[in-house]
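Here's the structure, in structure tokens; my notes come after.
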Amino acid sequence: MSTKSAPTYLAMFKALDKRFGLNYLKAPSYNTYTNLSATVKSITTEHNLYQNGQKGMNVKVSFDVSGMKGKTGICVAYFYFENGTALNDYNKHYYTTDGKVSSSTKYTPGWDNTTYTDLKIFIPYSELHLGSGKSHLKAKVEIFDNNNRSIGSSQWTYFNYTYP
């Protein structure tokens, strides 16, 4: 019977982390993680707004979050064509690590159980990188904890945008 050494187990966990995108080596305890949650109640869009001199839109999200008191998380809106194809980013201003269009807003709850109503995530229309004409689009919001782990996500919200 062989007994594996601590370095062998460490190497195994590192391999699992890399292969499956896990984080066993830095994960908080089981109880800490399971107490974190977010439930998205609604997601809507608000159009033709100006922020810092740029015309754009807000994705407004209402959600409940638990276990995040005093910790800063992030809400991220992802943008797609109606058929499910993600919008590509071309200038690295509003983007995901894999080059798709997104925008985000941070949140820091003051209580263990907090309700947000209409948290706004702004994106300039120019950052959707669309050509001329009308586009049928959709957006989805993902809520992350202070360790960048997803703790909740929304349904799709659909909208039309016409570029002059």
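The values are calculated or read from the model by the stated rules, or taken from the named source; none is laboratory data. Values in this document were obtained by computation on a predicted structure and should not be read as measured data. Cβ coordinates were reconstructed from backbone atoms using ideal geometry, including for glycine residues, and neighbour counts include every protein chain displayed. Side chains are part of the model used for accessible areas, which takes the heavy atoms of the whole protein and leaves out ligands, DNA and RNA. Shrake-Rupley method; radii C 1.70, N 1.55, O 1.52, S 1.80 Å.
Accessible area per residue was computed with a 1.4 Å probe on protein heavy atoms; Tyr158 scores about 130 Å². Of the residues Thr115, Thr97, the one with the largest accessible area comes first in the ranking Thr97, Thr115, computed with a 1.4 Å probe on protein heavy atoms.
Placing R0 at 25 angstrom, the Cβ-Cβ distance between Ser126 and Thr96 gives a FRET efficiency of 0.90 after rounding to 0.05. Normalised by residue number, the volume inside the convex hull of the Cα atoms of the stretch 61-101 is 116 Å³ per residue.
For Ile143, what is the net charge nearby, where nearby means another residue's Cβ is under 13 Å from its Cβ and Lys, Arg count +1, Asp, Glu -1? Local net charge: +2.
At a probe radius of 1.4 angstrom, the accessible area of the stretch 51-126 per residue rounds to 52 square angstrom. Within the stretch 57-164, the trypsin sites (Lys or Arg not before Pro) that combine a DSSP coil assignment with at most 15 other C-beta atoms in a 10 angstrom radius are Lys69, Lys71, Lys92, Arg149.
Proximity of backbone amide H atoms, modeled 1.01 Å from N, is registered between Thr45 and Lys60 at under 5 Å, excluding neighbours fewer than 5 places apart on the same chain. Rg and Dmax, both from the Cα atoms of the stretch 51-164 and both in Å, are 14.7, 46.
Using θ = phi - 60° in the Karplus curve 6.51 cos²θ - 1.76 cosθ + 1.60, the 3J(HN,Hα) couplings for the stretch 85-92 round to 7, 5, 6, 7, 8, 10, 9, 6 Hz; x is entered for Gly and Pro.
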